[in-house]
Amino acid sequence: MDTELLARLQFAFTIAFHYLFPPLSIGLGLLLVIMEGMYLKTKREYFQTMTKFWVKIFALIFGMGVATGIVMEFEFGTNWATYSRYVGDIFGSALAAEGIFAFFLESGFLAILVFGWNKVGPKMHFFSTIMVALGSMMSAVWIIVANSWQQTPAGFHIVGEGLQARAEVTSFWEMVLNPSTLDRLSHTLSACFLTGAFFVLSVSAYYILKNRELDIAKAGIKISLIVAALASLLQLTTGHQSAVTVSHTQPAKLAAMEAHFNTSKSAPLYLFGWVNEENQEVNFGLQIPGMLSYLIYGDSDAEVTGLNEFPEEDRPPVNIVFQSYHIMVGIGFGLILISFLGIYFWWRKKLFDKKWYLIILIFSVLGPQIANQLGWITAEVGRQPWIVYGLLRTSDALSKAVDANQILFSLILFGIIYLLLFILFIYLLNDKIKAGPQKLAHSSSTEE
Amino acid sequence: MEFTFDLNTIWFILIGVLLAGYAILDGFDLGVGSLYLLTKSDKDRRVLLNSIGPVWDGNEVWLVTGGGALFAAFPEVYATVFSGFYTAFILLLFGLIFRAVAIEFRSKQPGRIWRRNWDWAFSIASILIAFLMGVALGNIVAGVPIAEDREMYVSLFGLITPYTVLVGITTVALFIMHGAIYAAMKTEGELQKQTSGWINNSIIFFAICYVTTTMATLIYFPDMVQHFIDFPFLFFVAVLNMLAIANIPREIHHGRHFRAFFSSAASIFLLLFIFAAGIFPNIVKSSIDPQYSLTLYNAASSQQTLMNMLIIAIIGIPFVLAYTISIYWIFRGKVKLDSSSY
């Protein structure tokens, strides 16, 4: 296998695995703030037990996020040295800002959140919880800034020529607030809230079906249903806004998302389909005529640029982008449905009697996780063949000093180690959930 | 040699400070990890683990931020070194991963085998991380084969030489001494007797390594002391460093662990200061041709980025110091195990 393929596989694998955890931390962080806030307001014991339980789960998830995240911080240098030289002036600033503004905040207050129950007063503890949640969101801010700059570079100029060329910043704020930052940040953060909310929904639904921990489980479902309902709607609007921005800033990506090959007026929107890239057609598809034009321009007759406008070497792979995008959107609508069905049952006071609905909730934890991964596949594969859109090709961005065997070796080791970690993580998570809030919050699980 | 106090120099110093902060803070928890297997009972191991429990993660942030700052301020160094040291660096990352999850996972299950295995993973990873960092430092002193295209083509075994291994072992010894003092500070009773016993042995171990490394550097890499000839005040820094090291057994003898810890932190800082003064203005020296060395000028980002980053640092650093100091203050004193402990 060649170096480029291996380097891309390694990055995709390590980032996909890492990205199982941060959305959970960010979403759960917000929910912890609500739970502990409820405890301080109502002084009801079970809110505190609930907070303590979810803090323990949070710590486990956070630990996995740290362990797999440290790899990402250095992988640009190890595997993408040419890229690092090209963008260091810009991309590096965002990573450094993340360290200074987010990681220190998170890790400092995490210590109080997890170990400080008896060391500080309730208000200080609550403040720490807020700071951890804020820190995890700040981290998303800077990573999205860095990634958005790769999608829609702004606030820079190119210095030097050929292999010596590199991007240098001309305006820090134009770089930070590049055309896609805000859309992508809001879309990512609401996805994180969904991920956290459906995680709590899933575990709480399990307790209700097992007829245990009822106070905590019912409160957990109510809190996270509200978050889920709001976030799922926010997800729809931010997703729409992101797609509109993509159509202006990265038209080739949008064309791939909808398999729109020829520029045409009244472009259709596919509900599903299978793209035959050779013949440039969509098989087994169902389309709504004019809908794509309407969604982008508010006019079903408007012209939408097709993939064939771009030279062949500048087009992204189509079917994988199309499928990821469509399944993600489908899951998004499914999550809206589940959230509002729950709100409806709650209003009719039947929420905790609907066994089939609770079973759906248990499995719905997978929905946001799968959608997160697919959303990133859409964004990153849709950006190909560029690593920095329109400026630097992925194939030119590799480390010259690293050969294919070295990457293969590290990729195999990452595969084995991450598989092991994943199994142990699921085992420990399952164990904690089975033990339950009452047992976990009040006794140390660490006694032999 | 010219010395101008410009943005590039400021960033050379700031990255040095971040890495020194990392070495002082993560240094003691790596040291505790390296010594950890010397305790036998589960309770003692939990006490040691919880002595670093609330802080190890924050300590590691210094490394992550140092890496980010290096990427931002000196992208050429970030790119050349991390791709050039590829395999060694991947091993370091595996060490960091295993160490983090070992701390997090170990006490979550009561089983003997479960805990024993994570204990080993934690301790070996701690030693490996310290050793590899020392090897990296040793390679920077010795110079690495950076070619005209600013890439270095060298195998893992090309990085392992007697000198770099010596610096690796010295780093392990330094962190062990630092960690032993920390452990004695945070424990009481029988365990404190045991950890205090480690201190004396580790001081001797470190002193031997320190003298050997210093001699080896003077003999094989005399250019490291060129600036000491040009700027005599640097000699006083070296003397100060020796005094800081010599002060450690003195404070221990009087039972003043905190002061001993402070002395050992100061000596880590001074050692890195001497190292930085020795390599300046190179960041990574080329062993092929000095012309190809990466310096704080030819490897740097634009002046505007260095300025933007300086503003970010000036805004951020007071917060960072405030968090760090508060956390150490809140978790001061001897370790007491409770329901939130590891």
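The values are calculated or read from the model by the stated rules, or taken from the named source; none is laboratory data. Being a predicted model, the structure only gives us computed values, none of them experimental. For neighbour counting, all protein chains shown are included, and Cβ atoms are generated from backbone atoms with ideal geometry for every residue, glycine included. Surface accessibility is based on the protein's heavy atoms, side chains included, excluding ligands, DNA and RNA. Shrake-Rupley method; radii C 1.70, N 1.55, O 1.52, S 1.80 Å.
A compact table of results
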{"quantity": "Dipole of chain A, positive end: most advanced residue of A:425, A:331, A:241 [Cβ charges, Cα centre]", "calculated": "A:425"}
{"quantity": "Chain pair B, A: total accessible area buried, heavy atoms, 1.4 Å probe, Å²", "calculated": "6700 Å²"}
{"quantity": "Partner chain coverage, peptide A:171-177 - average Cβ within 10 angstrom", "calculated": "2"}
{"quantity": "Calculated Rg and Dmax of chain B using C-alpha coordinates, Å", "calculated": "20.2, 62"}
{"quantity": "Helix axis angle, A:355-364 relative to chain A longest principal axis, alpha carbon, degrees", "calculated": "50 degrees"}
{"quantity": "Separation of alpha-carbon centers, the range A:137-185 and the range B:185-230, rounded to whole Å", "calculated": "44 Å"}
{"quantity": "Those trypsin sites (Lys or Arg not before Pro) in the range A:20-77 that DSSP places in a loop and that have at most 14 other beta carbons within 10 Å", "calculated": "A:43, A:44"}
{"quantity": "Between helix B:233-253 and chain B: long-axis angle, C-alpha atoms, 0 to 90°, nearest 10", "calculated": "10 degrees"}
{"quantity": "Given A:41/A:355; A:52/A:218; A:56/A:222; A:354/A:439, the pairs whose alpha carbons are separated by over 25 Å", "calculated": "A:41/A:355; A:354/A:439"}
{"quantity": "Residues of type aspartates and glutamates that residue A:350 reaches as a straight line, Cα spacing below 17 Å, ignoring anything fewer than 8 places off in the same chain", "calculated": "A:215"}
{"quantity": "Range in chain B, longest, excluding exposed GluC sites (Glu not before Pro) [loop by DSSP; at most 10 other beta-carbon atoms within 10 Å]", "calculated": "B:149-342"}
{"quantity": "Qualifying chymotrypsin sites (Phe, Trp or Tyr not before Pro) in the range A:1-100, DSSP loop, other Cβ atoms within 10 Å at most 10", "calculated": "none"}
{"quantity": "With all protein chains modelled, accessible area of residue A:355 [1.4 Å, Å²]", "calculated": "130 Å²"}
{"quantity": "Overall Cα dimensions of chain A, principal axis frame, Å, largest first", "calculated": "64, 50, 40"}
{"quantity": "For the protein assembly as shown, with +1 on Lys and Arg beta carbons and -1 on Asp and Glu, the positive-most of A:6, A:157, B:37 along the dipole", "calculated": "B:37"}
{"quantity": "Under DSSP loop assignment and at most 15 Cβ neighbours within 10 Å, longest trypsin sites (Lys or Arg not before Pro)-free interval of chain B", "calculated": "B:41-255"}
{"quantity": "Counted charge near residue B:149, where neighbours are those whose Cβ lies closer than 12 Å (Asp, Glu -1; Lys, Arg +1)", "calculated": "0"}
{"quantity": "By average C-beta atoms within 10 angstrom, highest first, the peptides A:127-133, B:222-228", "calculated": "A:127-133, B:222-228"}
{"quantity": "Portion, in percent, of the accessible area of chain B that falls on carbon or sulfur, probe 1.4 Å", "calculated": "73 percent"}
{"quantity": "Charge context of residue A:40, other residues only, Cβ under 15 angstrom, K/R +1, D/E -1", "calculated": "+3"}
{"quantity": "Candidate lysines for bridging to residue A:253, where Cα separation is under 19 Å - those fewer than 8 sequence places away on the same chain excluded", "calculated": "A:265"}
{"quantity": "Net dipole in debye of the range A:281-420 [+1 Lys, Arg Cβ; -1 Asp, Glu Cβ; about Cα centre; nearest 20]", "calculated": "1140 debye"}
{"quantity": "Dipole in debye (nearest 20) - chain A, about Cα centre, beta carbon charges: Lys, Arg +1; Asp, Glu -1", "calculated": "2580 debye"}
{"quantity": "1.4 Å probe accessible area per residue over the range A:264-303, in Å²", "calculated": "65 Å²"}
{"quantity": "Equivalent ellipsoid, the range B:251-342 (semi-axes from 5 times Cα gyration tensor eigenvalues, Å)", "calculated": "38, 22, 12"}
{"quantity": "Helical contribution to [θ] at 222 nm, DSSP H n ≥ 4, -39,500 (n - 2.57), averaged over chain B, rounded to 500", "calculated": "-26000 deg cm²/dmol"}
{"quantity": "Residues residue A:362 and residue A:419, FRET efficiency given R0 of 25 Å [Cβ-Cβ distance, rounded to 0.05]", "calculated": "0.55"}
{"quantity": "Equivalent ellipsoid, the range A:155-252 (semi-axes from 5 times Cα gyration tensor eigenvalues, Å)", "calculated": "44, 15, 11"}
{"quantity": "For the range A:264-275, 3J(HN,Hα) per residue [Karplus equation, 6.51 cos²θ - 1.76 cosθ + 1.60, θ = phi - 60°, Hz, x = Gly/Pro]", "calculated": "7, 7, 6, 6, x, 10, 8, 7, 7, x, 10, 8"}
{"quantity": "Heavy-atom surface of the range B:7-330, accessible at 1.4 Å and reported per residue (Å²)", "calculated": "38 Å²"}
{"quantity": "³J(HN,Hα), Karplus 6.51/-1.76/1.60, whole Hz, each residue of the range B:11-22, x for Gly, Pro", "calculated": "6, 4, 5, 4, 5, x, 5, 4, 5, 5, x, 4"}
{"quantity": "Lysine pairs within the range B:7-330, Cα separation less than 24 Å, 8 or more sequence positions apart or different chains", "calculated": "7"}
{"quantity": "Distance from the range A:339-359 to the range A:16-73 (C-alpha centre basis), Å", "calculated": "25 Å"}
{"quantity": "Value of [θ]222 nm, deg cm²/dmol, for chain A, DSSP H segments ≥ 4, -39500 (n - 2.57) each, nearest 500", "calculated": "-23500 deg cm²/dmol"}
{"quantity": "Rounded if a/c under 1.5, otherwise prolate or oblate - the protein assembly as shown, Cα gyration tensor axes", "calculated": "oblate"}
{"quantity": "Nearest-20 debye value, the range B:109-175 charge dipole, Cβ charges on Lys, Arg, Asp, Glu", "calculated": "520 debye"}
{"quantity": "Largest-first ordering by accessible area, 1.4 Å probe, given options B:320, B:239", "calculated": "B:239, B:320"}
{"quantity": "Under the Debye formula (equal points on every Cα, no solvent term), log10 I(q)/I(0) of the range A:264-303 at q = 0.35 Å⁻¹", "calculated": "-0.97"}
{"quantity": "Dipole axis of the protein assembly as shown (+1 Lys, Arg; -1 Asp, Glu on Cβ), positive-most option in A:273, A:182, A:416", "calculated": "A:416"}
